[in-house]
Structure formats: C-alpha cells, structure tokens
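Structure, as structure tokens:
The values are calculated or read from the model by the stated rules, or taken from the named source; none is laboratory data. Values in this document were obtained by computation on a predicted structure and should not be read as measured data. With ideal geometry, Cβ positions are generated from the backbone for all residues, glycine too; neighbour counts draw on all protein chains shown. Heavy atoms of the whole protein, side chains included, go into the accessibility calculation; ligands, DNA and RNA do not. Shrake-Rupley method; radii C 1.70, N 1.55, O 1.52, S 1.80 Å.
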Amino acid sequence: MVIKAVWIIVLPIIAFIIGVFFLGLSRKVIARIHRRYGPPIYQPVIDLIKLMNQKSISHGRLFDMGVILSLAGSIVLVLFIPFGGIAPLSGSGDFLVVLYLMLLAPLGVALSGGEGANPNISIGISRKMMLSLGYEVPLLFSILAVMTYYKTTSLVEITKAQQHLSWGVIYLPLPAIAYFMILPAMLGIRPFDIVSAPQEISSGPSVEYGGRYLALMTVEHAFHTFIVLALFVDLFLGGGNPFTFFVKMLVVFLLGLFIHAVFPRFRIDQAIKYCWKWPSILALAGLVIAYVVA
Amino acid sequence: MDESLKKELETTFRNVLVSLPEDDRMVVAASEETVLSILSFLKNKGYDHLELISCVDWIEEKKFELVYILTSYSEKEMRKHIILKTKISREKSEFKTAISVFENAEPYERELHELFGINFKGHPKLTHLFLERDYKIPPFRKDFDTREYVKEVFDKIPFVEDKK
Amino acid sequence: MDRTSIKKWFKAPDKMGHKYSLWAVYFCTGCGIIEVPPVITSRWDAERFGVIPVATPRQANLFLITGYVSLKTLKAIIRTYELMPDPKYTVGFGSCPINGGMYWDSYNTIKHLDKYIPVDGWISGCMPRPEAIFIAVTHLWTMIDKGMATGYIKYREKYRYYRQNQEKLFGKLEWPPLYPMEDKNG
C-alpha cells in the first residue's frame, strides 16, 4: 500500500521528466536534421521557467479550469499506463478506463478555448475534433485486435503475456503498423500538425494562452507525448523494465520525429482520408486475423 | 500590334491619336468624352482585362492625365498592352467611373480618389483605402509639400523623455 | 554552463529565463523582414540563442520592428505591443524606425518610433546584416542582466504621454486605455 502511494507520486514526476526530455530532444534532433546547431537540450526547462515568471492574462473561470482539467486528465492517465510493469492504479478493466480518460485532455482544451472567444481557437478545436475522429477509427480497431488476441482488457496482463511469449508486434504486425501510421496524428506532429498550424491559424487552440497557461499546456503536451509512446510500447513492444521501456520509447519517438522533420503538412480533408484508408484497412485486417487465430 | 485596329479606332472615334511606340504596345490618346466608349469598344475586341488605372499630375498644364492599361487574357496573340490616356481638368477633377465596363476598376478609382482627389461620379464607395489620416491636399498632388507636412505633424509630436 | 552562470540561475531564475528564452512575435513591417527568414532557419539558426518565432503576441516577449512603419502599421504595432505579456522587449531593426531613414520626408511614415511605444534597443543600418540581430540579442542579454531593459515599465508609468502621442496621429483610438491615464509621479 505504501509502495503504491509512493509510485502514485513518483510516476508522474518520471513521466514529466521524460516528456520534457523528449520535447528538448525533438528540438535538437530536428535542428540537426535541418543542419542547424539547435538549442541546448534543456531549452524547454528554460522556456518553462520563463513562462512561469511571465504575467498571464485570464479570460474567465472556465478558461482557467479547462487547462487544469486537461492537465489533470493527462496526469491520471499516466497512473493507469504501465511504465516498465509499474501501474499504480491498474485494475481488471483498465484498458477501457484509459480509452475514456484519453478524451479528457482535448475536452479540457475545448472548454477553455470556448471561453477564449478567439476565432482561431474555434477553428483549431474543430480541427482537433475532426482529426481525432479520423485517427480513433484505426486506433480502436488496432486496440480491439490486441484485446481479442490476448483475451483480456487489462494493460498489465497484456504486457505480462508479452513477457512470456514474444513481443506483440510479431503476432500482431498489422495493428502495430496501423498504430504507428497514426502516431504522428496522436502526437500532433507533422504531417498532422493541422491543429496547431502556426502559419494558418496562429497556433490554433493555444493562441490565447500566455505565461502560466502556456506553461501548463506545455507540461500537458509533455505528458501526452509520454502517454502515446508508452501505450505503443506496452501494446506492441513488450514493456520491459523501466530502462528498456525508456529505450523503446526513445526509438519509437525518434522514428516519429524523422517523419516530422521532413514532411510538410496535410490539409484536414487529406488527413481524414489518410486515416480512414490505409491504417483503418490494416487495423481491420489485423482484427480479423487476431479473431481467427485466437 | 496590327495596323487594322489602329485604323478602326481612328475611323470610329473622333479626336483620337493612336501611336505604336513598340511592338507589343499601343498608345491611344483620347478626349474626355470618348474614353468610356473606347473602353467598351476595346473590351468587345477582346481586350478584356483592365490591368491598372494610373494618374499623372501635369501641374503646369493644370491637367490630370488618367491612364488606363488594358490587356487580354483570352487570346494569346492579343497579349499586348493598350495604354489609353486622357486629360481632365485639374481644378474640377471629376470623371465618370469605369465600373460599368470593367468591374475591377473599383479599387483603382478609390485609390486615385484618395491620393489625387479625383471624384469618380457613380462610384459606390469613395472612402479611405490606404491612408489613416485626412489630408487637406491629397498627398500625391504636386503641390503637396511633404517636408512642410512632416514638420507640421510628425516633428511636433514630442518625445516622451522630454516631458518631465 | 559554467560556475557563474549556475550561480546566476539560482539567484534570479526569472531573469535568466527571460534572457535565454526570447520568443519573437511574427510581425512583418517593411522590407527588414527579408532578413529574418535566414536568421530563424538553417543559415544562421537563431534557435541556439533561444530565439524562436511565435505566431501570437500572447506568447511573445520580443518584438522586432523590421523596417519602416506606416501609420496603418503603427496602429497594429500598438495593439500587438499591448497584447504581449510583461516583461516584453522591443528592438527597432533598420534605420527607418529610428528616424525615418530614407522616408524622412514621407507623408505617411512614422519618423521616431519611440514617440509612440518604448523601444529597448536599435539596430542601425539599411539593411542590417542578419548577424546584427544576434548582436542585438546578446546586447539585450546584458541589458536584462543589468536591469536596463525597462521599456515595459516605462510604458506603464508614462502611459498617459504615449497615449496622447498616439491620439495626436490617429484621433480617438478605438480601444480603451491599457493602464489608468493619470500620471504616477503627479
């Protein structure tokens, strides 16, 4: 019980550190791919310190609460996803809980954006909803395939089963590929950064955030990056102890980053068409195969 | 540029001076009354795009010279420029609008109204286009003294430091 | 990072944060903006100084005025400057914002930008080279370190005079005053 309580406090801190490290790493790696020197790897920490010390402007109570709701949703989600076999709040059906909790973060942003009353926010939120409508179809198919194959709705059970046998990506290659294809959309990086397109809608939902609000949003983004990557490693790459888990996350993140660094941006209709076409077909085929095999 | 169009213009309209200074350029100097009919005549001939309306201030002659530049999008052989010039009185500075012939004349005429103070009769919206302030003399006229204006307006605004 | 800078980080983290994370707002006035794309992309790479462009004034704390300022642009500049959160720093880029430059007798170009908003530093030249932006940034660092970059405080304290100057050009402005109009020093 005490150990569980300690993990409940420690795990978000670990997730925060890893998430912020990934943010810094992404800026450095992209700079190196562009043949620039790039910022120091601790640049996001400097940015966060600066943002926390800036004067920030509120647009009403819902504007504040939405940001906090979004951050809280992400922190709770971290406690449900096994990080190297550690999942303090996991129960029998925690996979379903995860799927519900994943909606909290966009919902919080949408609530808070409604109070901001900037047209760019509304466009950004509607794009975000459309995009999640796009990528959730292949996501649900591939997750269903995993659940069907391992005959459980517990993430811990799924990772444990992969410890005995081999990695999930070997038995379920098609859902894994489908998940990886929509990974940029879930992370909000190129070619799917339509939500926060700075050149079109001046960074979309975060257009009215400054100072502390932006700091909280950056932290939320760090947590979100951690969650999406951890889910992929848990489902398909076999979990492992905390260190190997981190290395696997790093590899997946770098692969996503290379795509991010060289691709331009999709339009929203192209993104939806892409999401509903190849990843969906692959995931559906994977689901059928998993049903037949299992 | 073909000679036939030149002949046709000279025979159809009175007081028209047509010259061909270069291969793909024709300059038509016309009197005030015939400008709109020449514009619609040229439009029917295939010169269907109004590129620009410009203005020159001849202060010694006391005239404004309006310059309409036409070209064609529809036919490849006709991608040449026709420059239609006319002089109007500087004191009165009034002219008829060309919106009925070319709809895209609207912003150009607004601009000329703002910078030269020419009133285009029949224009639906002669308001500010670029400028923020009202000027006594429109700023592109030759008798507008920019240095005097700068001295009067910008230099009279004090630095904030100086106020103690 | 050496020992003295680590000491500084512990002594005044807010100051160091503002120093090394200058986010410039995307705002293009005049011709100077042509020097900014090479600065923020691979050729000169401003990101190693912590300078990145952001798309909205709410997130920015550095304002580069790049080139001549016409009256209509000045209106937008004032609004953008007032939207930015404190502390904020302004740098005039090129000779036109300083004294009008080659537009010294123009009827529609602002001659002295610092009559209307406070400016912390100037980069002279027509055009300045992209390296000049980095020199300006490092100068701004020392100014922040010594507490000299106080344009935003001056704007708050002498807001009445700035607003008066702005209204002399535009007539009545269509947005309400940012700060109370009475003078603090009496």
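In table form, for the structure just shown:
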| read-out | value |
| --- | --- |
| Members of the stretch C:48-95 that are within 9 Å of chain A (Cβ to nearest Cβ), surrounded by fewer than 22 Cβ atoms within 10 Å (Cβ to Cβ) and assigned to a helix (DSSP H, G or I) | C:Arg48, C:Phe49, C:Leu83 |
| Any hit, the stretch A:1-12, residues being away from chain C (no Cβ under 14 Å), touching a Pro at 6+ places or on another chain (Cβ under 8 Å) and open to solvent by less than 20 Å² (accessible area, probe 1.4 Å) | yes |
| Subset of the stretch B:18-36 [crowded, with 16+ Cβ neighbours inside 10 Å and more than 16 Å from B:Phe95 (Cα to Cα)] | B:Val18, B:Met26, B:Val27, B:Val28 |
| Top-ranked residue in the stretch A:195-218 [being facing chain C (nearest Cβ under 7 Å) and assigned to a helix (DSSP H, G or I); ranked as most open to solvent (accessible area, probe 1.4 Å)] | A:Pro198 |
| Conditions (1) within 23 Å of A:Ala145 (Cα to Cα); (2) touching a residue at least 24 places away in the same chain (Cβ under 8 Å); (3) surrounded by fewer than 22 Cβ atoms within 10 Å (Cβ to Cβ); number of the one not met by A:Lys277 | (2) |
| Among the residues listed as C:Met102, C:Met127, the single one being open to solvent by 10 Å² or more (accessible area, probe 1.4 Å), within 29 Å of B:Leu129 (Cβ to Cβ) and not in a loop (DSSP other than H, G, I, E, B) | C:Met102 |
| Top-ranked residue of the stretch C:13-38 - restricted to ones that are over 17 Å from the mean Cα position of the chain (by Cα) and either in contact (Cβ under 8 Å) with a residue 24 or more places away in the chain or within 11 Å of chain A (Cβ to nearest Cβ) (or both), ranked as most open to solvent (accessible area, probe 1.4 Å) | C:Ile34 |
| Candidate set from the stretch A:13-47 (those that are in contact (Cβ under 8 Å) with a residue 40 or more places away in the chain and at the interface with chain C (Cβ under 8 Å from one of its Cβ atoms)); member that is least open to solvent (accessible area, probe 1.4 Å) | A:Asp47 |
| Strands (runs of 3 or more DSSP E) fully within the stretch B:48-164 counting 1 or more residues that are of a type in the set (Ser, Thr, Tyr) and surrounded by 15 or more Cβ atoms within 10 Å (Cβ to Cβ) | B:49-58, B:63-71, B:81-89 |
| So A:Gly84, is it surrounded by 16 or more Cβ atoms within 10 Å (Cβ to Cβ) and away from chain C (no Cβ under 14 Å) | yes |
| Odd one out for A:Leu140 among (1) open to solvent by 50 Å² or more (accessible area, probe 1.4 Å); (2) touching a Ser or Thr at 6+ places or on another chain (Cβ under 6 Å); (3) in a helix (DSSP H, G or I); (4) not β-branched (Val, Ile, Thr) | (2) |
| The stretch A:48-67, residues that are facing another protein chain (nearest Cβ under 7 Å) and open to solvent by 30 Å² or more (accessible area, probe 1.4 Å) | A:Ile49, A:Asn53, A:Lys55, A:Ser56, A:Ile57 |
| Out of B:Arg133, B:Arg110, sole residue that is out of contact with any Cys (no Cβ under 7 Å at 6 or more places or on another chain), farther than 19 Å from B:Glu91 by Cβ and within 9 Å of another protein chain (Cβ to nearest Cβ) | B:Arg133 |
| Some residue of the stretch A:112-121 being touching a Gly at 6+ places or on another chain (Cβ under 9 Å), of a type in the set (Gly, Ala, Ser) and more than 14 Å from every other protein chain (Cβ to nearest Cβ) | yes |
| Cβ pairs under 7 Å, 6+ apart, first in the stretch A:159-170 and without any contact (Cβ under 8 Å) to a residue 40 or more places away in the chain, second in a helix (DSSP H, G or I) and surrounded by 12 or more Cβ atoms within 10 Å (Cβ to Cβ) | A:Ala161/A:Tyr150 |
| In the stretch C:161-172, the residues that are under 11 Å from C:Tyr116 (Cβ atoms) and more than 10 Å from chain B (Cβ to nearest Cβ) | C:Arg163, C:Glu167 |
| Residues of the stretch A:219-255 classified as of a type outside the set (A, V, I, L, M, F, W, C), crowded, with 20+ Cβ neighbours inside 10 Å, more than 14 Å from chain C (Cβ to nearest Cβ) and part of a helix (DSSP H, G or I), total | 5 |
| Condition met for C:Ala136 (within 14 Å of chain A (Cβ to nearest Cβ), more than 30 Å from B:Phe144 (Cβ to Cβ) and not aromatic (Phe, Trp, Tyr)) | no |
